[in-house]
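Asker: Got a structure here, written out as structure tokens. Questions coming.
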Amino acid sequence: MIDDLKKLFLRFNYTDEKGFILNVPSLNNGEHLTLGFDNKKKEFNIHFTNDNINEPGAKRREFIFAMSAFRFFLFLKRFEVFYNQSIVNLILSSKTNLGKLKKHRLIINTFTDSVDFEQKIIYQKRKGKGRPWRFRENFDWNLIADNFKYLEESDLKSDEVLIAYRFNKGHLSLQGFIYKFEHLKGVYFIPIRRYNRFARYMAIAMYNYLNAYPTEETLPFRQLMFERLKHPYLNKQEEKSLQS
């Protein structure tokens, strides 16, 4: 598993002539996902690239989404209003207090806030095309493990997000996200199940918008979204909210 993680990379590249490209690793060996904007075509696109195919003239890219710049930024503008209102409602309805969070023995990792993260864990190549980010070959996993601690009031810093875990039967399980805002009183905690439900609603809203203005270029992406969304992945049982 550690060797697999070290192979992961992110690469971002931009030129005035071609536009930007963001390469993201996939779970399939030798295949990565690319998000790009073509300055020549004035088009946003998403495609998979199979690096295992080396034959001259062979098709290495499989496009699943393409949309003109005008339609894409119009979609972003319309979706932004809906998303902002929804995320504000989600957070404001998740107010709790530190005592209830400590009662559940929530654990956080302070290392994620450290400036040493990139220096000790991530290697960023600064030469050549793009800037790929990779896990270092010789980093110490104990750097992460040693920074897990039980939540205390001193950890709650304004306008920061903490990821909360719980230790159960020898394993850490993700519990949710903790927020504290400079201009709002109290602490806000979003359980992971509630956040997953919110993310699903956002994905459904995105699918409905794209499906309301169907094009052949977005069909593979819409089909992929439909396959992921038609089977509810959330547990229908009411979560044991830490707010109560």
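The values are calculated or read from the model by the stated rules, or taken from the named source; none is laboratory data. What you see is a predicted model, and the numbers here were worked out from it, not measured in a lab. All Cβ positions, even for glycine, are placed from backbone atoms using ideal geometry, and neighbour counts span all protein chains on display. Side chains included, ligands, DNA and RNA excluded: accessible areas come from the protein's heavy atoms. Shrake-Rupley method; radii C 1.70, N 1.55, O 1.52, S 1.80 Å.
Asker: Under the rule a/c < 1.5 gives rounded, and otherwise a/b versus b/c splits prolate from oblate, where does segment 167-214 land using the Cα gyration tensor? Let's see the in-between values first.
Answerer: Details: a/c = 5.24, a/b = 1.56, b/c = 3.36.
Verdict is oblate for segment 167-214.
Asker: Please go through the residue pairs 18/77; 41/77; 18/230; 40/77; 18/157; 42/95 and name each one whose alpha carbons sit more than 32 Å apart in this structure.
Answerer: 18/230; 18/157; 42/95
Asker: If you don't mind, there's one more thing I want to ask. So how do 224, 92, 210 rank on accessible area, 1.4 Å probe, biggest first, that is with the largest at the start?
Answerer: Result of the area sort, largest leading: 92, 224, 210.
Asker: Shape of segment 18-113 from its Cα gyration tensor (a ≥ b ≥ c, root eigenvalues): rounded if a/c is under 1.5, otherwise prolate when a/b > b/c, or oblate?
Answerer: Oblate is the answer for segment 18-113, as a/c is 1.5 or above yet b/c matches or exceeds a/b.
Asker: Whole-Hz Karplus ³J(HN,Hα) for segment 56-72, in order, using 6.51 cos²θ - 1.76 cosθ + 1.60 and θ = phi - 60°, x for Gly and Pro?
Answerer: Each residue's phi maps through the Karplus curve to give x, x, 6, 7, 9, 10, 10, 7, 10, 7, 8, 8, 5, 4, 4, 5, 5 Hz.
Asker: For the pair residue 38/residue 152, report the inter-label distance in nm, with labels modelled 7 Å from Cα in the Cβ direction.
Answerer: 5.6
Asker: Another one. Taking amide H positions as placed in the peptide plane 1.01 Å from N, state which residues far from residue 181 in sequence (5 or more) or on other chains have amide H under 5 Å from it.
Answerer: Residues meeting the amide H criterion: 159.
Asker: For the full complex of protein chains and a 1.4 angstrom probe, list 195, 188 by accessible area with the highest value first. Please list the in-between numbers first.
Answerer: Details: 195 80, 188 10 Å².
Largest accessible area first, the residues go 195, 188.
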